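Undergrad: One structure, as structure tokens, below. Some questions next.
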Amino acid sequence: MGISRKSMIVAMAACGLFTGVGLSADPASSWPQFRGPTGTGQAADKAVPTKWDAGSVVWKTPLKGKGHSSPVVAGDKIFLTSALEDGRQRVVLAFDLASGKQLWEQVAWTGNPEKSHKMNGWATPTVYADGQHVWAWFGPAGVYCYTEGGKPVWSQQLGKFDTKNARGISSSLLVVDDILVVNGDSESDPYLFGLDKATGKTVWKTERPAAEGYSSPFLLEAHGKKQIILNGDKFVAGYDPKTGKEFWHCKSFAGRGEPVPAVGADGTIFVVNGLAGDVYAVRTDGAGDVTKTHMTWHTRRNEGRDQPSPLVIGNHVLVSNMKGILSCYDAKTGKELWKERIATGDITAAPLAAGGKGYFNFENGETVVIEPGEKLKIVATNKLVPQGGEVFRASLAPADGKLLIRSDQTLYCIK
């Protein structure tokens, strides 16, 4: 892809994705983190395929072990994590983008695994890659930094991250300037960590509620400042990347906080919290508890679990529940415009926006591409032919006109 940060923002503004808002992007990397340069699933690449089948697979590479971390792309390399031997070994893997050939493997950790939910596992957090280094996080198994060629640089243990429900960890990493941001939401070590990305030394850590939480932080530049946005079990909040100090927080309607908020015009964010509850919009220019002052609207949802993250395309906010029922809301008012089932089966992956379309990939390997408007328009329903037992929970990653799709066992490249 190789686009500059300026070009990406211009392209996204032209598509009506947002105005007056800067989102984190790294010009040295094509798709550097979970959900891409912005951390919110917005792709500037207009050449992302919309229709494919088994014959569109350029290559597919079997993966060692199992995992749900999403592929990231830095230059001509793809990076993933996986867990072997039921979590007894955690590995970081690099692949060639053109061929899918594995370039290197590093065993980050070996030991007795912590408990983890059957829908999660031990390799769910997505790495961050900036073209020079790769950072990976495995919760109680630690944080690791490697060169892009696979040489170990440093490692750091941050805590146990226990919860009474033993669901494990899933939050992905973020880099802001010289700080590596790690979400440690848990009952034993409830902190948002800011580490020196070069050394792993803790620069700051900010206390969070002692509760399970699984959302990934992303960087928002709005209202003249940078802020880390993080969803959670009790509230969504904005933090200072330099100090970790909380700027503001807005109380939520339900718990867990898995979904990453979407971003619209003027830095407004759109939030759902994982458990059944309202979808709501929050302005990000406040201070302290902004629940009563900066929540611009909230609309009741009665659709069950909302694990997939919301997605903004133009003036539309799209929210899918875990059963494939997709709702479309007016971003300015919160009015529900329509609600339709787009496929059968379960969906847990965060969606992708590209070329004015939304991509929703289901656990069975089916991806539904839709075009939002006053009515639902399904552009295509695409199916791979996965091996028996494959589960697709990772998010899609576009790369130079291709699309990377990862199951728990295989990495596919579509063109």
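The values are calculated or read from the model by the stated rules, or taken from the named source; none is laboratory data. If you're wondering where the values come from, they're calculated on a predicted model, not measured in any experiment. Neighbour counts run over all protein chains shown; Cβ positions are idealised from the backbone, glycine included. SASA here: full protein model, heavy atoms, side chains in, ligands and nucleic acids out. Shrake-Rupley method; radii C 1.70, N 1.55, O 1.52, S 1.80 Å.
Undergrad: Specify whether the C-alpha gyration tensor of segment 340-415 places it in the rounded, prolate or oblate class, a ≥ b ≥ c being the square roots of the eigenvalues: rounded for a/c under 1.5, otherwise prolate if a/b is larger than b/c and oblate if not.
TA: oblate
Undergrad: Related question: Work out, in µm²/s and without decimals, the Stokes-Einstein translational diffusion coefficient of segment 281-362 at 25 °C, 0.890 mPa s, Rh from Kirkwood over C-alpha pairs.
TA: The calculation lands on 179 µm²/s.
Undergrad: Please check: in the Gaussian network model of the chain (C-alpha springs, under 10 Å), which one of 130, 346, 233 has the largest mean-square fluctuation.
TA: 346
Undergrad: While we're here: Where does the charge balance sit around residue 139 when Lys and Arg score +1, Asp and Glu -1, over other residues with C-beta under 14 Å from its C-beta?
TA: So the environment of residue 139 carries a net charge of -2.
Undergrad: Students often get this wrong, so check it: of 151/357; 77/383; 66/415, which have C-alpha atoms separated by over 31 Å?
TA: Numbers: 151/357 39 Å; 77/383 25 Å; 66/415 25 Å.
As for pairs spanning more than 31 Å Cα to Cα, those are 151/357.
Undergrad: Using each residue's phi in segment 260-269, evaluate 6.51 cos²θ - 1.76 cosθ + 1.60 at θ = phi - 60° and report the 3J(HN,Hα) Karplus result to the nearest Hz, with x for Gly and Pro.
TA: Running phi through 6.51 cos²θ - 1.76 cosθ + 1.60 with θ = phi - 60° gives 7, x, 9, 10, x, 5, 6, x, 5, 10 Hz.
Undergrad: Based solely on C-alpha atoms, express the radius of gyration and the Dmax of segment 41-88 in angstrom.
TA: Cα only, segment 41-88: 14.2, 41 Å (Rg, Dmax).
Undergrad: Sticking with this one: Determine the per residue accessible area of segment 253-297 with all protein chains present and a 1.4 angstrom probe, expressed in square angstrom.
TA: Dividing the accessible area of segment 253-297 by its residue count gives 30 Å².
Undergrad: In Å², and per residue, what accessible area does segment 331-415 have when probed at 1.4 Å with the other protein chains present?
TA: 37
Undergrad: Moving on to the next point. May I ask you to give the percent of accessible area on segment 319-373 that is carbon plus sulfur, with a probe radius of 1.4 Å?
TA: Carbon with sulfur: 43 percent of the solvent-accessible area.
Undergrad: Then there is this: Identify which of 317, 176, 73 has the largest mean-square fluctuation in a Gaussian network model of the chain, with springs joining Cα atoms closer than 10 Å.
TA: Sorting by GNM fluctuation, first place goes to 176.
Undergrad: Taking amide H positions as placed 1.01 Å from N in the peptide plane, with prolines and chain starts having none, which residues 5 or more places from residue 108, or on another chain, fall under 5 Å of its amide H?
TA: 90, 91, 92
Undergrad: Going by average Cβ density within 10 Å per residue, which order do the peptides 302-313, 99-110, 114-125 take, highest to lowest?
TA: Ranking the peptides 302-313, 99-110, 114-125 by packing returns 302-313, 114-125, 99-110.
Undergrad: Given Cα positions, please report Rg to Rh for segment 212-341, the hydrodynamic radius being the Kirkwood one.
TA: 0.95
Undergrad: Return the ratio Rg/(2.2 N^0.38 Å) for segment 277-320, where Rg is computed over Cα atoms only.
TA: That ratio works out to 1.30.
Undergrad: Sticking with this one: If you bin the C-alpha pair distances of segment 161-255 every 5 Å from 0, what whole percents do you get?
TA: Spelled out bin by bin, segment 161-255 gives 3, 15, 25, 26, 19, 9, 3, 1, 0 percent.
Undergrad: From Cα pairs below 8 angstrom and at least 6 apart in sequence, can you work out the relative contact order of segment 234-290, rounded to a whole percent? Before the final figure, lay out the partial values.
TA: On the way: 106 pairs, mean separation 18.4, N = 57.
Once normalised by length, the contact order is 32 percent.
Undergrad: Give me the Kirkwood hydrodynamic radius of the chain in Å, from all C-alpha pairs, to one decimal place?
TA: Working: mean 1/r = 0.0482 Å⁻¹.
Computed over Cα pairs of the chain, the Kirkwood hydrodynamic radius comes out at 20.7 Å.
Undergrad: Over 22 Å, how big is the tail of the calculated P(r) for segment 132-209, in percent of all Cα pairs?
TA: 20
Undergrad: Taking just the alpha carbons, could you work out the radius of gyration and Dmax for segment 79-168, both in angstroms?
TA: Answer for segment 79-168, Rg first and Dmax second: 13.3, 44 Å.
Undergrad: Could I ask something else about it? For the chain, what relative contact order do you get, as a whole percent, if you take Cα pairs closer than 8 Å and at least 6 residues apart?
TA: 16
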